[in-house]
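Nothing in this text is a laboratory measurement; each read-out follows from the coordinates by a stated rule. What you see is a predicted model, and the numbers here were worked out from it, not measured in a lab.
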Amino acid sequence: MSLILDEYRANWAIRYMREAEADLSTAEKTPMSAVSISFALLAMRKSQTAVYYSLGDPEYLAPLVEKNMTNGNSKDALMRILVQMELLIHRSSGVAETLNKNLVMEEAKRFVEIASEMVKILVEGAS
């Protein structure tokens, strides 16, 4: 998978990471479990979008990741990571139905941290 990062995409990646971190903070402060879980899942999605922007175009990558989820045998290491990110979001969404706030929050924190590191490396590496 090739890296297509210009200033436009880098700025969107950084913006989505800021929003993801703000949503995660809101999730931590919100006392109502359902609202907190919704913000945590939103933080995960936004950080995933930030990673997609740091790699290229989200509108191209999202369907490609979905396709690779069904195939499940990508030889590309980066694609396997993107598929695992998507699977983690799906799994956390399933846990959200049982309202296990602590589990979703821990998953979201780790997810946002990893995505943040990926974006940082990709954006700094491209400049």
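For the reader, a short list of remarks on this structure follows.
- Length-normalised contact order for region 1-94 - Cα pairs under 8 Å, 6+ apart - percent: 32 percent
- With the largest listed first and rounded to whole Å, the semi-axes of the equivalent ellipsoid of the chain from the Cα gyration tensor are 25, 18, 10.
- If the segment from residue 67 to residue 81 were pulled out straight at 0.36 nm per residue, it would be longer than the present Cα-Cα gap by 3.7 nm.
- Backbone amide hydrogens, once placed in the peptide plane, bring residue 56 within less than 5 Å of 4, excluding anything fewer than 5 places away on its chain.
- Under the span-like rule (Cα at least 20 Å along the axis, Kyte-Doolittle mean at least 0.0), DSSP H helices of the chain: 33-55, 77-96, 101-126
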